[in-house]
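Chemist: Got a structure for you, written out below as structure tokens; questions coming shortly.
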Amino acid sequence: MRTTRVFLAAALALAVPTLAAALDAPHDRSYLPGNCQECHTLHNALGASLTSQVTISDACQSCHSTHTSARLGFPWSSTDQAVAGVSGVHHRWDAAVINATVGATTPNDPEMVKRVIAGKLECSVCHNQHAANKAFAPATSMNTSFAVGTPYPKTNAGTGTATLTLQAADPLTALPKGYRVQVVSATNVAVSHDAGLSWFKPTSNTGAAWVADTAVPVGGPFSTAVDLALDDPALKIRLTAGAVAGDYWNFYVSFPMLRSPNLTGSMCLTCHQDRAQGHAYVEVNDTGAKVFSHPVGEMLNTNARNYDLAAPLDADGGVQGTNGDANTTNDLVLGPGGVVGCTSCHAPHNADSNSLTVDPR
Ligand code: HEC
Ligand code: HEC
Ligand code: HEC
Ligand code: HEC
Ligand code: HEC
């Protein structure tokens, strides 16, 4: 045990330069103090991997059970974990990973299994708190802390009255990043991804090209009536008049920091392995001891029996999407290629099992 800790202390110390660059928003300096010590303790650490609490889930909950945000339904309480058929709105994060009742087994993904500690689920079994690998998450799970199309007042205190609107954020190309957009003068703006340690500036008021700025930013041009593409062109912002030099807005774009690919709910199957069933399996005329579940991994009407609709309805039976209700959290979303997966019907967090309510997501 001691050798492991000493080794990890060295690894942690050595990893700082590379990992510091790799910590993704919102866990980086753009949105938090950004210290590794937010979660790690180099000596006398209570938890595995030199983490600050006895379990990893507790380390996560040290922030996530106190941080407030209506957008993602924070604070999250450990008593809101699900007991199937009884209560709860979150997938469990502290239960034994092997559970015969729900058919759960040790995950068959090697990165996930490394984070099973003392045989238990942890947030880090499903999440990589250091990195938001966008390839692991469907585009629909992009999170922007500023809702697209909504004007926001500045983050800092003071008299400026300008608002910033995120005009567009393309989930297919946007990268996980934190932003500080700071007005430097009536005509100039600069952007930082590390809360003001280093700066970038646009060279045109459309944001056509961005270059490094000085430590005390001079900024580049913006116009109040023109969309400014940021240094990630997937994002466009617009500022109104009324800013005072020094006014800034902090926001981030991220993907849910998953440990394993989950485009079609495939991460669920790493543990719920016996539910990897297609229609052919479910339809076998078997009177034996098999336990059947809803088919996954296939498109609608794969069995060519023509009883499936061309597209799913909402979970409340209404038309889904832009022609239906405004509630996107009751949409039954198919994965890439129109495939039905666990996450078509389930959500791991803030799922109250009531299709009439709008869930934070
Ligand atoms: C949001 C909390 C959090 C922050 C911030 C954080 N870590 Fe971690 N780190 C963890 C947790 C939890 C684990 C154990 C689970 C795992 O392996 O990912 C871990 C594991 C590690 C490991 C060993 C496991 C591995 O192979 O990935 C290293 C090395 C590490 N962290 C370095 C760092 C460094 C360096 C920083 C700062 C740049 C940092 N961490 C910031 C939570 C965090
Ligand atoms: C130091 C405080 C802190 C700790 C510790 C922490 N987080 Fe977070 N985390 C945050 C904040 C703040 C946000 C942004 C919440 C918001 O937008 O309201 C966040 C967001 C997230 C997100 C959402 C990213 C997205 O797509 O928007 C995930 C996933 C996440 N945390 C997982 C974890 C896990 C797993 C751990 C434990 C290993 C952990 N966090 C520990 C502060 C923390
Ligand atoms: C069984 C796996 C699993 C466990 C355990 C788990 N999560 Fe998640 N979490 C997910 C998945 C999958 C998503 C992505 C949902 C999506 O695609 O929108 C997610 C999304 C999130 C988000 C983003 C919110 C959202 O709805 O997009 C946050 C924040 C988060 N998790 C934090 C945590 C924290 C903190 C813990 C532990 C206290 C935890 N998770 C435990 C699977 C898990
Ligand atoms: C790391 C393994 C693991 C992964 C990944 C996982 N589960 Fe689970 N799941 C479990 C275990 C273990 C339980 C039983 C928890 C308990 O003791 O109540 C469970 C329980 C459940 C339940 C019953 C209600 C509850 O939360 O107790 C549902 C529904 C569920 N999982 C769905 C999912 C979905 C959907 C995904 C993918 C987003 C997923 N699971 C990913 C291990 C996992
Ligand atoms: C077509 C929608 C749908 C799909 C797809 C789906 N589920 Fe479910 N699941 C439900 C519903 C509805 C319930 C609650 C009613 C019930 O128990 O059957 C449920 C219940 C559960 C439960 C708890 C009760 C039990 O019977 O074990 C678990 C665990 C679960 N699902 C896991 C999964 C996993 C893992 C996947 C992906 C392989 C998945 N589900 C795919 C709709 C779905």
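Yes/no per residue for (1) in the same structural domain as residue 328 (by TED's automatic domain parsing); (2) over 27 Å from residue 146 (Cβ atoms); (3) surrounded by 13 or more Cβ atoms within 10 Å (Cβ to Cβ):
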{"residue": "47", "(1), (2), (3)": "no, yes, yes"}
{"residue": "82", "(1), (2), (3)": "no, yes, yes"}
{"residue": "86", "(1), (2), (3)": "no, yes, no"}
{"residue": "90", "(1), (2), (3)": "no, no, yes"}
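Chemist: Filter the stretch 327-353 for residues that are acidic (Asp, Glu) and buried (at least 18 other Cβ atoms within 10 Å of the Cβ) and give the result.
Modeler: In the first step, residues of the stretch 327-353 are kept if they are acidic (Asp, Glu); the result is 331, 352.
Residue satisfying the conditions is 331 alone.
Chemist: Of the conditions (1) β-branched (Val, Ile, Thr); (2) out of contact with any strand residue (DSSP E or B) (no Cβ under 7 Å at 6 or more places or on another chain); (3) modelled with pLDDT of 90 or more, residue 296 fails just one. Which one is it?
Modeler: (2) is the only condition that residue 296 fails.
Chemist: Can you work out which of the residues in the stretch 235-272 that are touching a helix residue (DSSP H, G or I) at 6+ places or on another chain (Cβ under 7 Å) and among the aliphatic types (A, V, I, L, M) is nearest to ligand 1 (Cβ to nearest atom)?
Modeler: Among residues in the stretch 235-272 that are touching a helix residue (DSSP H, G or I) at 6+ places or on another chain (Cβ under 7 Å) and among the aliphatic types (A, V, I, L, M), the one nearest to ligand 1 (Cβ to nearest atom) is 258.
Chemist: Given the options 124, 204, 145, name the one that is among the hydroxyl-bearing types (Ser, Thr, Tyr), surrounded by fewer than 20 Cβ atoms within 10 Å (Cβ to Cβ) and closer than 24 Å to residue 59 by Cα. Reasoning before the result, please.
Modeler: Working: 124 fails: surrounded by fewer than 20 Cβ atoms within 10 Å (Cβ to Cβ); 204 fails: closer than 24 Å to residue 59 by Cα.
From the options 124, 204, 145, the qualifying one is 145.
Chemist: If you don't mind, there's one more thing I want to ask. Just need a number here: residues in the stretch 48-62 that are of a type in the set (S, T, N, Q) and not in a helix (DSSP H, G or I). Let's see the steps before the verdict.
Modeler: At the first step, the residues of the stretch 48-62 found to be of a type in the set (S, T, N, Q) are 49, 51-53, 55, 57, 61-62.
Those still in the list that are not in a helix (DSSP H, G or I) too: 51-53, 55.
Total satisfying the criteria: 4.
Chemist: Of everything in the stretch 53-69, what is more than 10 Å from ligand 3 (Cβ to nearest atom) and surrounded by 16 or more Cβ atoms within 10 Å (Cβ to Cβ)? Give them in sequence order.
Modeler: 53
Chemist: Before we move on, is residue 134 away from ligand 1 (no atom under 16 Å from the Cβ) and touching a residue at least 12 places away in the same chain (Cβ under 8 Å)? Walk me through it before giving the result.
Modeler: Numbers: away from ligand 1 (no atom under 16 Å from the Cβ): yes; touching a residue at least 12 places away in the same chain (Cβ under 8 Å): yes.
It is true that residue 134 is away from ligand 1 (no atom under 16 Å from the Cβ) and touching a residue at least 12 places away in the same chain (Cβ under 8 Å).
Chemist: Do we have residue 151 as without any contact (Cβ under 8 Å) to a residue 40 or more places away in the chain and over 21 Å from residue 255 (Cβ atoms) here? Full working, then the answer.
Modeler: Numbers: without any contact (Cβ under 8 Å) to a residue 40 or more places away in the chain: no; over 21 Å from residue 255 (Cβ atoms): yes.
Against the criterion (without any contact (Cβ under 8 Å) to a residue 40 or more places away in the chain and over 21 Å from residue 255 (Cβ atoms)), residue 151 does not qualify.
Chemist: What residue, of 329, 270, 322, 343, is outside any loop (DSSP other than H, G, I, E, B), within 21 Å of the chain's Cα centre (by Cα) and without any contact (Cβ under 8 Å) to a residue 60 or more places away in the chain? Before the answer, list the steps.
Modeler: Numbers: 270 fails: without any contact (Cβ under 8 Å) to a residue 60 or more places away in the chain; 322 fails: within 21 Å of the chain's Cα centre (by Cα); 343 fails: without any contact (Cβ under 8 Å) to a residue 60 or more places away in the chain.
Going through 329, 270, 322, 343 in turn, the sole match is 329.
Chemist: Name the one entry in 114, 177, 154 that is within 16 Å of ligand 3 (Cβ to nearest atom) and among the basic types (Lys, Arg).
Modeler: On the way: 177 fails: within 16 Å of ligand 3 (Cβ to nearest atom); 154 fails: within 16 Å of ligand 3 (Cβ to nearest atom).
Among 114, 177, 154, only 114 is within 16 Å of ligand 3 (Cβ to nearest atom) and among the basic types (Lys, Arg).
Chemist: Further question on the same structure: Going by the conditions given, is residue 324 away from ligand 5 (no atom under 16 Å from the Cβ), among the small types (Gly, Ala, Ser), farther than 30 Å from residue 27 by Cβ and surrounded by 15 or more Cβ atoms within 10 Å (Cβ to Cβ)? Reasoning before the result, please.
Modeler: Working: away from ligand 5 (no atom under 16 Å from the Cβ): yes; among the small types (Gly, Ala, Ser): yes; farther than 30 Å from residue 27 by Cβ: yes; surrounded by 15 or more Cβ atoms within 10 Å (Cβ to Cβ): yes.
The answer is yes for residue 324.
The values are calculated or read from the model by the stated rules, or taken from the named source; none is laboratory data. Not measured: the values here are computed from a predicted model. Heads up, the Cβs are rebuilt from the backbone with ideal geometry, glycines too, and the neighbour counts pull from every protein chain shown.
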